[in-house]
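What follows is one structure encoded as structure tokens, with my remarks underneath.
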Amino acid sequence: MDHIFTINKKLNKAVDVNKQFSFNKLEKSTICTISSANVVAFSTESNIEDVGSLFWSSNVYVCDLNSPWQVHKILSNPSPVSVLQWDFTGDLLLMADENGSIKVYRAKDHILNDWTLVLQTVLEGEHILAAAFFHSGKKICLNSEKKDSSLYMEKFHHVKFACSVKQFGGRPASGALLLTTTGMLCSILLPQSTSQLPMVVTTESLAPTRIFVKAADICYGKNGHFLLAVSNGDLSMPIQCYKVSVKKHDDKCIITSQSLLSFFLFEAPPEALMEQVAKEKNCHISHIKWIMREDADSVVVAASSDKTSCLQVWELREKALPVHKSLGKTDTPQYFNTVLWQYQCHFQYNSKVTSLATSKLSLLNNVSNGYVVATFTDNSIHCLYRDTLKHLVSTTLNIFPRYSDEPLARYSKTSIKISNIDMSWLGNILMVIDSDDSLHMFKLPPQIDSSAPLSVPYCTTILEYCMMSGFDWLDLLLVLRPGMLDALCDRLTESFNRQPSSVQQFFFVQHLCMKISLCRLSAQGQSKANDLTQFMMLHSISTSFKSLLRPSEVSSHDKSPADSLANVIAEGQTDVDKVLMHLEAKEFTVEPSTLQSLQQLIQWVADLALNLLVKLPDSRPSMGKPYELLRDVKALNMLREMLVLIRIWGLLRPACLPVFIKSDGSLDVLALLFRLLSRLVQNVSEPDESLIDECCLLPSQVQIQLLPQSNNRTVLASPQLIQQILPLQLEFNNDPECLMSSTDSGTTQTVDSIRHLYLGRTPRAIKQCVRCGGSAGTIPVTRTAAIRAWDQRWLRSCHFRCGGLWRMQVYTT
């Protein structure tokens, strides 16, 4: 369990040191949680931006896992925040506090530092203890019988799982179920984005009479119900389980709660030492966690006192009980099958439990893989096997005061403890928050095969799972070893190439995005990452341009204009004007206003062709065969298709043509580029000398506009992380110099990496990707239907580079 980083608040020497730690003596309720998009939400009881403030406040912050030092405050709450919960997509964040306030937030226009309140309601006087969003009914698992298959559709399968609440037509509803300390259930049904209906709030008692609940957890049943395990904290009382169903009827919801089997911790065998633990002063049940988030049949319970604690795992098993012969129908012995809670294992430690976490995903259906991670008051972190609670690995969070001008004796009595922990969805990262509002990140062992370190086949399977399920894979990138990057990238490519063409076409962009993120982790892979980024942009432009083409009335609908163009390009014609003679002009006609709005994309395609050909004389195939865009026949043919389209559209709207600065005014640059690329496609491995000579003359014939390289921003998943001594000591809202890339180009112009426009030296406001640093303008340009569709392609995330969310960056003069 490597300690990767610690992020602290900014030092403020003007404030007395004892006052800085005055709040740490109190009971802290700071919590943290990680979304499926690897965005961290955490609560603090101090203001990170204003470290000099000594006023108490419960604040909620969010940050991306790749740049966790850049935090944004969503709200400042008057009561301690008791629940932070993400939905399955990572879009909605639910916050609830100890006074019954419930708020659901969403990132406005997918901007990470701009959040909007979706809804709020209040349960007066209720301390909300646990919450869970409704399940969507989608569950993808690794097929254990065909996990070695090379085909994605056989290797992974959709598990039959019912959604929590069904709407008209069986569509899953969006909402959440909450539980309070008084045993009240509350369901919130969120209205659809296109609906004007208000939210639906329904309350019901968990038990026939209201009960006191001190520890609870919620998981999902496969039939659409919820499973709740609750305790009032008293060791002499049972752990009670309930089956809760939420049904929508007309414009209201109906909550049904059914009591299930319960169990006592004292029913465990003597070796569990529960009697010894119970003798300790203030011993109580402090934590309850279902072993799995979905369709769980086991629960882990923590009983703690000030000096010792005991963790027990109980499993719901089917047991055959003998039936008395007088009650049987025959003389032969008969058995009655029933379901009982059965003790499985335990783990004991000489400190009080402070937090408990279990894996969020079960990659293998109905197979308990993963861990239970427990933290204790001595700041030790123990990773235990889920089924046996046997010790796997452990570490200790060492916290040292950062006030270098003060003697260490001043801090001998300070007590900074772990407050809360949470695992990433893929189970590779453990996030820890302490009582001083500092964040810490630890590396966890592999989820499926923990006996060995991370292997290339395991990582390939996890990346393929992310491709199929849509989960973010950043936490996997943070734990990869440098020596396995090339092998992992090659294996992922080989596996992808074995898929049917329809599957490859569907997952092509995400596959490229994964390869780019892997290449960015090594210093030697930056050029390959840039080539793949340019290929992805070329693919996106090609898709957008071809979507504008419509077949004419007289042509056959069996073959689209894009297919006709691809067939003509495949013939190997080197003269662009002769290619036009084989195409139907009506099929490639586009509105002139639309063409003019696409001029900046047309210019980028032409600049890409020039940059590739200029690099040809210095490019030589190597023995290792690294990827080069210049050697990719598919990419070169795609580029030739774009040049043909540009040639046709230039006849319709000359103003949309790319602009070149030429030494000879009569030079036809488009025709020259098409001819050189056509000759290169014929033999990309060994181009003839005459082609190389012509490429050498290009800089003297036309001015080459260099394409701006990707902005290597200060991020965690970078080659610089490998060179650092861990753990990194970071500071909120302060970019670490140790992670700054030495390859950053000192360009004075900001380039819109989406529209390919120059935004000036210091634009007033831009959108910036939180992971790769790509910029995008916020001022709308000519709003044709084509350019709107282009902007919508990148609205949700910067997925052509890294999949990161956008962050609004405002520059002040």
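Taken together, Leu643, Leu598, Leu636 contain a single residue that is closer than 30 Å to Asp490 by Cα and in contact with a helix residue (DSSP H, G or I) (Cβ under 8 Å, 6 or more places away or on another chain), which is Leu636.
With a requirement of 3 or more residues that are closer than 30 Å to Cys466 by Cβ and modelled with pLDDT of 90 or more, the helices (runs of 4 or more DSSP H) lying completely within the range 508-598 that satisfy it span 526-547. Residues in the range 159-175 that are in contact with an Asp or Glu (Cβ under 8 Å, 6 or more places away or on another chain) and either open to solvent by less than 30 Å² (accessible area, probe 1.4 Å) or over 13 Å from Cys253 (Cβ atoms) (or both): Phe161 alone.
Conditions tested, residue by residue: (1) in contact (Cβ under 8 Å) with a residue 24 or more places away in the chain; (2) open to solvent by less than 20 Å² (accessible area, probe 1.4 Å); (3) of a type outside the set (A, V, I, L, M).
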residue	(1), (2), (3)
Cys253	yes, yes, yes
Pro269	yes, no, yes
Ala278	yes, no, no
Cys283	yes, no, yes
Arg293	yes, no, yes
Ser298	yes, yes, yes
Val301	yes, yes, no
Lys307	yes, no, yes
Cys310	yes, yes, yes
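The strands (runs of 3 or more DSSP E) found entirely in the range 692-805 that carry 1 or more residues being modelled with pLDDT of 85 or more and open to solvent by 80 Å² or more (accessible area, probe 1.4 Å) are 728-731.
The values are calculated or read from the model by the stated rules, or taken from the named source; none is laboratory data. Since we're looking at a predicted model, the values are computed, not measured. Backbone-built Cβ (ideal geometry, glycine too); neighbour counts: all protein chains shown. Side chains are part of the model used for accessible areas, which takes the heavy atoms of the whole protein and leaves out ligands, DNA and RNA. Shrake-Rupley method; radii C 1.70, N 1.55, O 1.52, S 1.80 Å.
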